[in-house]
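Asks: After the structure tokens below, expect a handful of questions from me.
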Amino acid sequence: MEVERESLRARQLRARDLLRGDLEGRDLEEYVEERLLTTTLENVLNWGRSNAIFPMTFGLACCAIEQISLVTSRYDIARFGAEAFRATPRQADLLILSGRVSIKMAPVVRRVYDQMLEPRWVMAMGACSSSGGMFANYAVVQGADKFMPVDIHVPGCPPRPEAVLHGLNKLQKLIRGQPDLGWRQRYNAVGTEEWARFEEGKPTKEALERAAAAIRVAKPTAPSPHMPAGEAEDMGDDV
Amino acid sequence: MPDPPGLELIAQGIEEGRQGTVIETSMEHGRATLIVNPDGILHALTWLRDTPEQGYRFLSSLHAADYLPATPRFAVHYELLSRERIERVNVKALLVDPAAGDETNGADPVEKLPELDSCVALYPTADFQEREAYDFFGIVFRGHPDLRRIAMPEDYVGWPQRRDFPIGGEPVLFTHNEIEAPRWFE
């Protein structure tokens, strides 16, 4: 305890010296190196994204009840920074499909998904939205990934809120762990970009591969030669 | 519930207004049921609603049923309630499937659907319930103000609650039926 107090005092004195401009040479170098962390812009961006996911206020069936209890103090989704349920898809990052998707609802779900801004993620919560679940019949879509990309499947009928939080943690890991992987790479959709269609005729296989490689190594300061400068914002997490 | 003699009196009263309307009466599990000729359904319902000592002015449910392979195949059930006496009576109209024994084997572009008179004018609550019966069983209610699908998408093809309609869905692989899909893991 006494030692800690001494070292704290020493650090305080060094900080005071730095502010006064008294630290010089090797001491200054050491001080700065101790307190700096270097990373890439991508990592910081994705770290921020993963810790500020805004889910969509959207319930499909009984799983929505479990989704509601996520926000209560017992489970408290705010611990993972995802407590701000937005009432419009244009402000939401995450669409939780909480329940069975009937064939009449599928176009609506797809439309909600299309209105969300990129980067966007989808969690299929429960057996029904993952595979149709117990509703193997004429009225229910057998898995929401038949008509839209789904990032995380949470099994259960319904999944407990802890399971959904585990899924959310997995999603955060996915967002943080693969900063280079935009949704076009994840869903094998490279070549569907607006700028790829500007090339003469259909984009050749080589052009697509070149584009994919360019995206994979792209730095924020050096956009790929295929991409006009103005398109950089439209690319979302691909950049 | 009317007791068996009461049910026979109701049947007699309906018969007096229009001969051949009531085909049969049945009293099972304490439920009084009048099985009526589909042509006379409106007469039977009107008589039950407007006769002062009957007063079945509340239609608590209208639903269809498919009794395949029985003939007649379809039935529309009306559950009537007299709120003064808290008495219920069921009316059942049996409908023959016009597509049964179809020699064209589906080549006829016009689908043959069973038809029945709509009772929306008598009981406004029947509006949605007749639409539901049409949606799921393909029973056409003549004179309905707006007969279109209510639960399924409007461009849906088929009558999904009929007994010969496939269940749908996808086969799911379990350990007990693994053998039916050899090399499924590839």
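The values are calculated or read from the model by the stated rules, or taken from the named source; none is laboratory data. Computed from a predicted model, the values in this text were never measured in an experiment. Every residue, glycine as well, gets a Cβ built from its backbone with ideal geometry; the counts of neighbours run over all protein chains shown. Surface accessibility is based on the protein's heavy atoms, side chains included, excluding ligands, DNA and RNA. Shrake-Rupley method; radii C 1.70, N 1.55, O 1.52, S 1.80 Å.
Asks: Please compute how much accessible surface disappears when A pairs with B, both sides summed, using a 1.4 Å probe, and round it to the nearest 100 Å². Please report the intermediate quantities before stating the final value.
Replies: On the way: alone 14450 and 10990 Å², together 24610 Å².
Interface between A and B: roughly 800 Å².
Asks: Tally up the carbon and sulfur contribution to the accessible surface of segment B:1-53 as a whole percent, 1.4 Å probe, everything protein left in place.
Replies: 51 percent
Asks: To continue, here is another question. Kirkwood hydrodynamic radius for the protein assembly as shown: how many Å is it when counted over pairs of different Cα atoms?
Replies: 28.2 Å
Asks: Could you tally up the Lys pairs in the protein assembly as shown with alpha carbons closer than 23 Å? Skip any pair fewer than 8 positions apart unless they're on separate chains.
Replies: 4
Asks: Also, I was wondering about something else. Between residue A:26 and residue A:74, what FRET efficiency comes out of the Förster formula 1/(1 + (r/R0)^6) with R0 = 51 Å and r the beta carbon distance, rounded to 0.05?
Replies: 0.45
Asks: Shifting gears a bit: Loop-only check: which chymotrypsin sites (Phe, Trp or Tyr not before Pro) in segment B:70-159 are DSSP coil with at most 15 other Cβ within 10 angstrom?
Replies: B:156
Asks: Here's another thing I want to ask about it. Report the calculated FRET efficiency for residue B:86 and residue A:170 (r = Cβ-Cβ distance, R0 = 45 Å), to the nearest 0.05.
Replies: Values: r = 57 Å, r/R0 = 1.27.
According to the calculation, E is roughly 0.20.
Asks: Oh, and also: Just counting partner chain Cβ atoms within 10 Å, what average do the residues of peptide B:163-169 show around their Cβ?
Replies: On the way: counts 0, 0, 2, 2, 3, 9, 10.
Counting other chains' Cβ atoms within 10 Å and averaging over B:163-169 gives 4.
Asks: Rounding to the nearest 20 debye, state how big the charge dipole of the protein assembly as shown is about its Cα centre with +1 on each Lys and Arg Cβ and -1 on each Asp and Glu Cβ.
Replies: Here the protein assembly as shown has a charge dipole of around 980 debye.
Asks: Mind listing the phi-derived Karplus ³J(HN,Hα) values for segment A:132-140, rounded to whole Hz, using 6.51, -1.76 and 1.60 with θ = phi - 60°, and x for any glycine or proline?
Replies: x, x, 6, 8, 7, 9, 6, 9, 10
Asks: Related question: Regarding segment A:12-51, what are the three Cα extents along the principal axes, ordered largest first, in Å?
Replies: Principal-axis extents of the Cα atoms in segment A:12-51, largest first: 40, 18, 12 Å.
Asks: To the nearest 10 square angstrom, how much accessible area does residue A:27 have with a 1.4 angstrom probe?
Replies: 90 Å²
Asks: Considering only DSSP beta bridges with both partners in the protein assembly as shown, what is the antiparallel share in %, to the nearest 5? Intermediate values should be presented prior to the final figure.
Replies: Values: 25 of 42 bridges.
Of the beta bridges lying entirely in the protein assembly as shown, close to 60 percent run antiparallel.
Asks: Search the structure for amide H atoms under 5 Å from the amide H of residue B:97, placed 1.01 Å from N in the peptide plane, and list their residues when 5 or more places away or on another chain.
Replies: Those lying under 5 Å, H to H, from residue B:97 are B:73, B:74.
Asks: Students sometimes get this wrong: rank B:29, B:176, B:144 by accessible area, probe 1.4 Å, all chains present, largest first.
Replies: B:29, B:176, B:144
Asks: Something else about it: How big is the antiparallel share of DSSP beta bridges in segment A:49-167, given as a percent to the nearest 5? The partial results should precede the final answer.
Replies: On the way: 1 of 11 bridges.
In segment A:49-167, DSSP labels about 10 percent of beta bridges as antiparallel.
Asks: Same structure again: Compute the accessible area of each residue in segment A:131-148 twice, once for its chain alone and once with every protein chain present, using a 1.4 Å probe on heavy atoms, and list those whose area falls by at least 40 Å².
Replies: Residues passing the criterion (a loss of at least 40 Å², heavy atoms only) are A:136, A:138, A:142.
Asks: For segment B:19-138, compute Rh as the Kirkwood radius over C-alpha pairs and then the Stokes-Einstein diffusion coefficient at 37 °C and 0.692 mPa s; write the answer in µm²/s, rounded to an integer.
Replies: Value of D from the Cα-based Kirkwood radius: 215 µm²/s.
Asks: Which value in Å is the Kirkwood Rh of segment A:53-175 over different Cα pairs?
Replies: Kirkwood hydrodynamic radius for segment A:53-175: 14.1 Å.
Asks: Turning to a different aspect of this structure: Take every residue in peptide A:58-66, count the Cβ atoms of other chains within 10 Å of its Cβ, and give the average of those counts.
Replies: 0
Asks: OK, next. Please compute the per residue accessible area over the protein assembly as shown with all protein chains in place, 1.4 Å probe, rounded to a whole number of Å².
Replies: On the way: 24610 Å² over 425 residues.
Accessible area per residue, the protein assembly as shown: 58 Å².
Asks: Something else about it: Would you mind getting me the FRET efficiency between residue B:23 and residue B:65? Use the beta-carbon distance for r and R0 = 22 Å, nearest 0.05.
Replies: E between residue B:23 and residue B:65, to the nearest 0.05, is 0.85.
Asks: Moving on to the next point. Among B:13, A:98, B:35, flag the residue with its Cα farthest along the positive direction of the charge dipole of the protein assembly as shown, charges on Cβ as +1 for Lys/Arg and -1 for Asp/Glu.
Replies: Highest projection toward the positive end goes to A:98.
Asks: Given points 7 Å out from each Cα along the Cα-Cβ axis, report the residue A:39 to residue A:91 separation in nanometres with one decimal.
Replies: 2.6 nm
Asks: Dipole of segment A:16-153, Cα-centred, from +1 at each Lys and Arg C-beta and -1 at each Asp and Glu C-beta, to the nearest 20 debye?
Replies: 1200 debye
Asks: How well do other chains shield peptide B:154-161, expressed as the mean number of their Cβ atoms within 10 Å of each residue Cβ?
Replies: Going residue by residue through B:154-161 and averaging, the value is 1.
Asks: So what does residue B:157 come to for accessible area, using a 1.4 Å probe and Å² rounded to 10?
Replies: Accessible area, nearest 10 Å²: 120 Å².
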